[in-house]
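The values are calculated or read from the model by the stated rules, or taken from the named source; none is laboratory data. Predicted model only: the values in this text are computed from it and were never measured. Counting neighbours? That spans all protein chains shown, and the Cβs are built from the backbone with ideal geometry, glycine included.
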């Protein structure tokens, strides 16, 4: 499989670099989420204080109903925007990590094929069937992985489309409710 210790060291070095890149992407995503949460918390606190002050100025039931109707739509819009930002951050981070993992898997497959080829060259006579079986098994595993990967991407794309559609529906429904009030 590896003809020199340098090849083994190089493989471990590449794996470590890949792991470090994935960890950096994860921390970057967590940092973005923390920043979003801090901004949302600060904004929510400030808006709550303003809402409470406005609520204290309400004098009758009609003014209270108008206040309640007027504050519902912005809150729904903000929740939708927050959920969209969280989704974008997690989706981007997940995509970047998936790309790194795919690269690592491709490198591993290339090394495995090299090892099988080296084994085939050095194998004793009569072991061609075993080598052919190993190549076939690796090929079948790669095909299965590709099919699962494609199916997963299709599911993610459908989920994204459904999320966008749900966001549009919620915004439209909230706008209609505000007009009706």
Checklist entry - Among the residues of segment 52-69, is there at least one that is under 13 Å from the mean Cα position of the chain (by Cα) and in a helix (DSSP H, G or I)? => result no
Checklist outcome for this item: Of the residues in segment 155-180 that are at pLDDT below 65 and surrounded by fewer than 12 Cβ atoms within 10 Å (Cβ to Cβ), the one that is nearest to residue 76 (Cα to Cα) is 173
Checklist entry - Considering segment 131-145 alone, what residues qualify as being modelled with pLDDT under 80 and closer than 30 Å to residue 87 by Cβ? => result 145
Checklist entry - Only one of 50, 31 is at pLDDT 90 or above and more than 30 Å from residue 114 (Cα to Cα); which? => result 31
Checklist entry - Within the bounds of segment 79-88, is there any residue that is under 21 Å from the mean Cα position of the chain (by Cα), part of a helix (DSSP H, G or I), loosely packed, with under 11 Cβ neighbours inside 10 Å and modelled with pLDDT of 90 or more? => result no
Item to check | segment 4-43, residues that are touching a helix residue (DSSP H, G or I) at 6+ places or on another chain (Cβ under 8 Å) and loosely packed, with under 12 Cβ neighbours inside 10 Å | outcome: none
Checklist entry - If residue 69 satisfies every condition in (1) without any contact (Cβ under 8 Å) to a residue 24 or more places away in the chain; (2) surrounded by 11 or more Cβ atoms within 10 Å (Cβ to Cβ); (3) under 26 Å from residue 166 (Cβ atoms) but one, which is the exception? => result (1)
Checklist entry - Among the residues of segment 20-30, is there at least one that is touching a residue at least 40 places away in the same chain (Cβ under 8 Å) and within 30 Å of residue 134 (Cβ to Cβ)? => result yes
